[in-house]
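A.B. asks: After the structure tokens below, expect a handful of questions from me.
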Amino acid sequence: MAVAVTSCSFSVFTSTFKLHGSSSSCCQSRLASRPSSIGVVARKSMNPKCNFKRGSSSSHCKSDSEKDSACYKKSRRRSKDDGISGTAFKSFGTQRKEKKEFQFDSREQQVEPGDLQDAAFLNAVVKVYCTHTEPDYSLPWQRQRQYTSTGSAFMIGDRKLLTNAHCVEHGTQVKVKRRGDDSKYVAKVLARGVDCDIALLSVESEEFWKGTEPLQFGRLPHLQDAVTVVGYPLGGDTISVTKGVVSRIEVTSYAHGSSDLLGIQIDAAINPGNSGGPAFNEQGECIGVAFQVYRSEEAENIGYVIPTTVVSHFLDDYERNGKYTGFPSLGVLLQKLENPALRACLKVQSNEGVLVRRVEPTSDANIVLKEGDVIVSFDNVRVGCEGTVPFRSNERIAFRYLISQKFPGDVAELGIIRAGKFMQVQVVLNPRVHLVPYHIDDQPSYLIIAGLVFTPLSEPLIEEECEDSIGLKLLAKARYSLARFKGEQIVILSQVLANEVNIGYEDMGNQQVLKFNGTQIKNIHHLAHLVDSCKDQYLVFEFEEKYVAVLEREAASAASSCVLKDYGIQSERSPDLLKPYVDLGDNQAMEQDFGDTPISNFEVGFDGLLWA
């Protein structure tokens, strides 16, 4: 089975640096079992099916000895299983430490600027230098060693720059350099849109902006329109220009964001370092942002551009709220209605609509929609039986596209058929609540009790620990369970720091803690609150498979300071757990089992299911 790799284009620097492979990032990441987007260039490989690589930023990679270490970080959290059999997607060019070799593909021709050499719009494209310091998810009280990467960005007016979110992820210092200049200027990250892989930067230096002109955004292109990608990929320090045409426009998996938004597929070469660079039409207008590529033995010259419609949504969101709030979700699991007998059984007279299989408990749709409803329209736009809606002339696009045009808090009017009767309902749209988050912007939460280290389960932690050390049951929950209420977390005992007080528990690790002294745990802040308020003689932790760990309360309290000193840890808990606990959990929902429905951000999976 051919494996396709989509990679982000930021490049990674290393002292023993090799040019190799046509993937666009030093470190490749394969998609995780969750159908999501194009993953980061990182460490762990999670799903052999689909792999997207993030765009072009280059970063320092780990040494060969580090890469060969046991269970070395596989492909990153952002790439997820998209349900497309026999292919693999990765986001190209994200900042990762792995050393990845990449070779130049003779089929990918880098075009000399030629008549573009003196084009004014080329001067608006800058090179981005970022120093990254990622959290250490296995040791959440500290950070990993810093590394650097490079990518591209461009000026958009009001003294702002646009680039890819993965180019500045966990960035502790961001600098930019103009074309033909030998000075670097410090930039500030104003907003990061993880789901749409866009970041907004600002530069305070007056010198940087002298004589500059921002780029103008153009319309959404048509098929076969010429496109020019400009950036600073690997292979040199000067600006690079590649040309191609628009091959396809459809809802695309965003590897870094674990999301599905409108994307432009092009055949122009995109390599590590191109991430964040603009794509131009023949009029010199920016029609999008380069962000990932697709690599496969059976495919070639497939790159992806974030269209201006998605960019405008990001910028409008930032202007409205002073920060980025994200793209909303309807929060329902849908099934196509292509089968006539199925439509007849549901009393759907026409060849249209999609079946509501399940509604997320945390979504506002849970108030007005029921399992078995058939959605036939969205804001008066008819929804086809394949889950598609009209898009421009003679084109159709995934139903998810209409939802992505909304902002969090917007109201959508749905036309539904329930038990054969047509009715209209209104639903408030908000971003999805993930039980296991794909990204963690700050330090992970942690709680240390007598050497027992508790932390919430997250995709970065799964990738860092390696999936085979997590356990199939816990991994299945992470992949397929729905949050029952906002604020719910899967809390695990990640490891035990050996001490006399915890003798016999040293080998425990990566196990979910379900109850403390008989009370079911809602999240790690709830666990910290229960421990702090406990007056019993014993601290009793109940884990999966009826495993129990018991500590004597006073002995555990006395041993905590010794454990912290022995292991050089400053605090027994993360700063967020020092705040007063506020109970946001639904006690009735806690009695329900975790959901068993596959989670997928892909519009249409291989089994005909789709998430809106």
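All of the numbers you see were taken from the coordinates with simple rules; none came from a lab. Only a predicted model underlies this, so the values are computations on that prediction, with no experimental measurement involved. All Cβ positions, glycine included, derive from the backbone under ideal geometry; neighbour counts span all protein chains shown.
A.B. asks: What's the exposure ranking of 167, 534, 130, going from fewest to most Cβ atoms within 10 Å?
C.D. replies: 534, 130, 167
A.B. asks: Right, something else. Counting other C-beta atoms within 10 Å, which of 239, 266, 524, 302 has the fewest, and how do the rest follow?
C.D. replies: 302, 239, 524, 266
A.B. asks: Over segment 123-209, how many percent of alpha carbon pairs lie in each 10 Å bin up to the one with the longest distance?
C.D. replies: P(r) over segment 123-209, rounded to whole percents: 18, 49, 25, 8, 1.
A.B. asks: Next up: Taking K and R as +1 and D and E as -1, what net charge do the other residues with C-beta under 12 Å from the C-beta of residue 454 add up to?
C.D. replies: Its environment carries a net charge of 0.
A.B. asks: OK, next. Rank the residues 388, 150 as a footprinting-exposure proxy: fewest other Cβ atoms within 10 Å of their Cβ go first.
C.D. replies: 388, 150
A.B. asks: OK, next. Could you tell me which of the pairs 175/565; 406/522; 370/406; 127/210 are separated by over 27 angstrom between their Cα atoms in the structure shown?
C.D. replies: Pairs exceeding the cut-off: 175/565; 406/522.
A.B. asks: Here is a follow-up. Residue 539: net charge of surrounding residues, Cβ under 13 Å, Lys/Arg +1, Asp/Glu -1, itself excluded?
C.D. replies: Charge balance near residue 539 sits at -2.
A.B. asks: Next question. So what's the Cα pair-distance distribution over segment 228-275, bin width 5 Å, in %?
C.D. replies: In order of increasing distance, the bins hold 5, 20, 21, 21, 20, 9, 3 percent.
A.B. asks: Compute and list, largest first, the equivalent-ellipsoid semi-axes of segment 196-238 from the alpha carbon gyration tensor, each √(5λ) rounded to a whole angstrom.
C.D. replies: The answer is 26, 17, 13 Å, longest axis first.
A.B. asks: With the convex hull built on the Cα atoms of segment 447-590, state its orientation-averaged projected area in nm².
C.D. replies: If you wrap the Cα atoms of segment 447-590 in a convex hull and average its projections, you get 8.8 nm².
A.B. asks: What does the charge count near residue 411 come to, summing +1 for each Lys or Arg and -1 for each Asp or Glu among other residues with Cβ under 11 Å from its Cβ?
C.D. replies: -3
A.B. asks: Then there's this: Calculate I(q)/I(0) for segment 386-426 by the Debye formula, one identical point scatterer on each C-alpha and no solvent, and give its log10 at q = 0.15, 0.17 Å⁻¹ to two decimals.
C.D. replies: -0.50, -0.63
A.B. asks: I've got another one for you. Working from the pairwise distances between different alpha carbons, so that the mean of 1/r is found and then inverted, what is segment 332-428's Kirkwood radius in Å?
C.D. replies: One over the average 1/r among Cα pairs gives 13.6 Å for segment 332-428.
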